[in-house]
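Have a look at the structure below, then the notes.
The values are calculated or read from the model by the stated rules, or taken from the named source; none is laboratory data. Owing to the predicted nature of the structure, the values given are computational and were not obtained by experimental measurement. Note that each Cβ is placed from the backbone with ideal geometry, even for glycine, and that neighbours are counted across all protein chains shown. Areas reflect the complete protein model, heavy atoms only, side chains present, ligands, DNA and RNA absent. Shrake-Rupley method; radii C 1.70, N 1.55, O 1.52, S 1.80 Å.
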Amino acid sequence: MSPINTTTEETKQLRDLYPEIEPYKTGMLKVSEIHTLYYEEVGNPSGKPVVFVHGGPGGGTDPRDRRFFDPEAYRIILYHQRGAGDSTPHACLEENTTWDLVEDLEKLRKHVNVDKWIVFGGSWGSALSLAYAETHPERVKALILHGIFCCRRKELLWFYQEGASMIFPDAWDKYLELIPVGERGDLISAYHRRLTGSNEEEKLKAATAWSVWELSTSRLYVDPSYIAYATDDAKFAIAFARIEAHYFVNGAFMSDDEQLLKNADKIKDIPGVIVQGRYDICCPARSAWDLHKVWAKGELHFVDDAGHSTRESGIVHELVIATDKFRDL
């Protein structure tokens, strides 16, 4: 059960992403009376199906996300979860729970005519991938997960109340500025009130502050251009912050705080890879280790010079090796 660490020797020849690629198909899938999801397919239409499950919730995808997979070997399916990216209605919280998203994945699988697929997800996407695999294990050939998030209360408190604040005090003080001292005992709820209120100016300020905090802490080395994404794209910030706060104030709609770990026996026969930045501040390595301990087939790779972001070279290296590993599964 020992983790495999990225060594100094390995980092001399790091794998990079595959070349840029455009979709050969895009579409909109109506999954409820309210929600319609955007999806796209890239790579080889006859290749091995893999679905990319994005983070957030509310984060959407980026063209870069298509490039973790060999386009000659894989049929790569990417989509935007309810309220995120190009899915409609934008930033909608109604009928938007973890279990709605689990069934959306099933609807998408059937819509694109896939029997079984590889599921690739990181951060919130790792939690949703686990929830999906534990609900529909017969539909999952393998799991590739990174930046593990198990939706536990202690993980949320670490990042949004106290813990990460001790490591990024400068960014934390900016996150606190918007919230009066009397409301700071429960910052997730304080932000949720503003993000779901009727004051549009206050909503945008809250969305920007929430998103800036997360992007400020996502990389081992702070990247101002990455943080700027939260300040320059109001559409992204609103969906990202509103949907995250909605999920987190509701405990990600889990029936038990340890639900994803307690149900790991349901994925005991599914092979997989876990990639975890050793210095991930958003989703600390403890959760990856806890998952690894209850999922024997989940091969854990710590990346010793990385944080949370898939824009870090060591994370890219391990994820590309993982997708290559399962090309012939």
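For Arg286 and Asp173, what does the FRET efficiency come to when R0 = 35 Å and r is the distance between their Cβ atoms, rounded to the nearest 0.05?
Efficiency for this residue pair is about 0.85.
Protein chains only, probe 1.4 Å: how do Leu220, Leu195 rank by accessible area, largest first? Don't skip to the end; give the middle numbers.
Values: Leu220 60, Leu195 0 Å².
Output order, biggest surface exposure first: Leu220, Leu195.
Can you compute the modelled spin-label distance between Arg64 and Ile34, with each label point 7 Å from Cα toward Cβ, in nm?
With each label point 7 Å from Cα toward Cβ, the separation is 3.2 nm.
Considering only the other residues whose Cβ falls under 10 Å of the Cβ of His146, what net charge follows from Lys and Arg at +1 and Asp and Glu at -1? Intermediate results must be reported in sequence, preceding the final value.
Working: positive: none; negative: Asp280, Glu318.
Overall, the nearby charge balance is -2.
So what are the ³J(HN,Hα) numbers for the stretch 27-33, from phi and the Karplus equation (6.51, -1.76, 1.60; θ = phi - 60°), rounded to whole Hz, Gly and Pro as x?
Those phi angles translate into x, 10, 10, 7, 10, 7, 4 Hz.
If I take the Cα coordinates of the stretch 154-251 and project them onto the principal axes, what are the three extents in Å, biggest first?
Taking the Cα atoms of the stretch 154-251, the three principal extents are 36, 29, 24 Å.
If you average 1/r across every pair of different Cα atoms in the chain and take the reciprocal, what Kirkwood value do you get, in Å?
This gives a value of 19.8 Å.
With θ set to phi - 60° and the Karplus curve 6.51 cos²θ - 1.76 cosθ + 1.60, what are the ³J(HN,Hα) couplings of the stretch 216-221 in order, to the nearest whole Hz, using x for Gly and Pro?
Karplus values, whole Hz, x for Gly and Pro: 5, 9, 7, 10, 4, 10.
Shape call for the stretch 111-153 from the C-alpha gyration tensor, a ≥ b ≥ c root eigenvalues: rounded (a/c under 1.5), prolate (a/b greater than b/c) or oblate?
prolate
Using a 1.4 angstrom probe, figure out how much accessible area the chain has per residue, in square angstrom, rounded to the nearest whole.
41 Å²
Scan the chain and report its longest stretch carrying no trypsin sites (Lys or Arg not before Pro) that are both in a DSSP loop and have at most 12 other Cβ atoms within 10 Å.
Longest gap between qualifying sites, sites excluded: 1-183.
Where the centroid of each part is defined by its Cα atoms, how far is the stretch 40-72 from the stretch 299-319 in Å?
A separation of 18 Å, based on Cα centres.
Just in the stretch 213-243: which chymotrypsin sites (Phe, Trp or Tyr not before Pro) are loop by DSSP and have at most 14 other Cβ atoms within 10 Å?
Passing sites in the stretch 213-243 are Tyr221.
Multiply the residue separation of Glu183 and Lys293 by 0.36 nm, subtract the distance between their alpha-carbon atoms, and state the gained length in nm to one decimal.
Value of the extension gain: 35.8 nm.
Which value, in debye to the nearest 20, describes the size of the charge dipole of the chain about its Cα centre when Lys and Arg Cβ atoms bear +1, Asp and Glu Cβ atoms bear -1, and nothing else is charged?
560 debye
Give a quick list of GluC sites (Glu not before Pro) in the stretch 168-268 that DSSP marks as loop, anything other than H, G, I, E or B, with at most 12 other Cβ atoms within 10 Å. It would help to have the intermediate numbers written out before the result.
On the way: sites: Glu177, Glu183, Glu200, Glu201, Glu202, Glu214, Glu244, Glu258; in loops: Glu177, Glu258.
Loop-located and lightly packed - Glu177.
Determine the share of the chain's accessible area contributed by carbon and sulfur atoms, expressed in whole percent, with a 1.4 angstrom probe.
It is 50 percent, rounded to a whole number.
Can you list the residues, at least 5 places off or on another chain, whose amide H is less than 5 Å from the amide H of Lys48, using H built in the peptide plane?
Under 5 Å from the amide H of Lys48 lie the amide H atoms of Tyr74, Arg75, each far enough along the sequence or on another chain.
With springs connecting C-alpha atoms under 10 Å apart, model the chain as a Gaussian network and identify which of Gly85, Gly55, Gly182 has the largest mean-square fluctuation.
Gly182
If you take every residue apart from Gly197 with its C-beta less than 12 Å away from the C-beta of Gly197, what net charge results, scoring Lys and Arg +1 and Asp and Glu -1?
Taking every Cβ under 12 Å from that of Gly197, the sum is +2.
Would you look at the GNM of the chain, springs on alpha carbons closer than 10 Å, and say which of Val50, Val119, Val222 moves the most?
Between Val50, Val119, Val222, it is Val222 that shows the largest mean-square fluctuation.
Across the stretch 129-136, in residue order, what do the Karplus-derived ³J(HN,Hα) couplings come to in whole Hz, using 6.51 cos²θ - 1.76 cosθ + 1.60 with θ = phi - 60° and x for Gly and Pro?
4, 5, 4, 5, 5, 6, 8, 10
Could you tell me the calculated FRET efficiency between Tyr229 and Glu138, based on Cβ-Cβ distance and R0 = 51 angstrom, to the nearest 0.05?
0.85
As an exercise, identify the GluC sites (Glu not before Pro) in the stretch 97-170 lying in DSSP coil whose Cβ has no more than 11 other Cβ atoms within 10 Å.
Of the GluC sites (Glu not before Pro), the ones in loops of the stretch 97-170 whose Cβ has at most 11 other Cβ atoms within 10 Å are Glu162.
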